[in-house]
Amino acid sequence: MKTLEYERLTIYEVEALSKELDSYLSNAEFTLDLDLKNVTKLDLCAIQLLLSTEKTCSQNSIKFNLHGLNDTNKEALQLCGCASLLGVSDE
C-alpha cells in the first residue's frame, strides 16, 4: 500500500504526485492501493489525477483502491460525481 504523505492534494502537488504514481504503477502487478489518511483536502486537479490513475490501472488489469478517505474528501468526490468511478462508497 502506498501512503500519500501530502496533507493537501491540490493543483500545486499534482505534478509531483503524478510522477510518484507513474513510478509506483510501473512496479504494481495486480493492485494499486492508495492510503489517503493524511490528506485533508482534495481539489478537482487531484480528483482528475485519481480518475486518470484509475483508468490507467483498469487498462492494465491492475485493481485500484483508495483507503483512508475522510468524510470531507468523500463528500468532494460525491459532489463532483466521481465517488462511484473511484469505488468510494457512502460508508
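The values are calculated or read from the model by the stated rules, or taken from the named source; none is laboratory data. Quick caveat: nothing in here was measured; it's all calculated off a predicted structure. All Cβ positions, glycine included, derive from the backbone under ideal geometry; neighbour counts span all protein chains shown.
Is one or more of the residues making up segment 53-61 touching a strand residue (DSSP E or B) at 6+ places or on another chain (Cβ under 6 Å) and either modelled with pLDDT of 95 or more or of a type outside the set (G, A, S) (or both)?
Yes, segment 53-61 contains at least one residue that is touching a strand residue (DSSP E or B) at 6+ places or on another chain (Cβ under 6 Å) and either modelled with pLDDT of 95 or more or of a type outside the set (G, A, S) (or both).
Does segment 56-84 hold any residues that are over 11 Å from the mean Cα position of the chain (by Cα) and under 20 Å from F30 (Cα atoms), and which are they?
Matches in segment 56-84: T56, C57, S58, Q59, N60, S61, I62, K63.
Residues of segment 73-83 being over 15 Å from D35 (Cα atoms) and in contact (Cβ under 8 Å) with a residue 24 or more places away in the chain, which ones?
Answer for segment 73-83, where residues must be over 15 Å from D35 (Cα atoms) and in contact (Cβ under 8 Å) with a residue 24 or more places away in the chain: A76, L77, C80, C82.
Results for (1) touching a residue at least 12 places away in the same chain (Cβ under 8 Å); (2) outside any loop (DSSP other than H, G, I, E, B); (3) not hydroxyl-bearing (S, T, Y), shown as yes or no for each residue.
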residue	(1), (2), (3)
L17	yes, yes, yes
Y24	yes, yes, no
S58	no, yes, no
L66	yes, yes, yes
L85	yes, yes, yes
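Just one of A16, A46, A28 is at pLDDT 95 or above and either at negative phi or hydrophobic (A, V, I, L, M, F, W, C) (or both); which is it?
A46
Consider E7 against the criteria (1) more than 11 Å from the chain's Cα centre (by Cα); (2) of a type outside the set (G, A, S); (3) surrounded by 19 or more Cβ atoms within 10 Å (Cβ to Cβ): it satisfies all of them except one. Which criterion is unmet?
Tallying (1) more than 11 Å from the chain's Cα centre (by Cα); (2) of a type outside the set (G, A, S); (3) surrounded by 19 or more Cβ atoms within 10 Å (Cβ to Cβ), E7 fails exactly one: (3).
Considering only segment 10-39, state which residues are closer than 18 Å to N70 by Cβ, surrounded by 13 or more Cβ atoms within 10 Å (Cβ to Cβ) and not aliphatic (A, V, I, L, M).
Scanning segment 10-39 gives T10, E13, D33, D35, N38.
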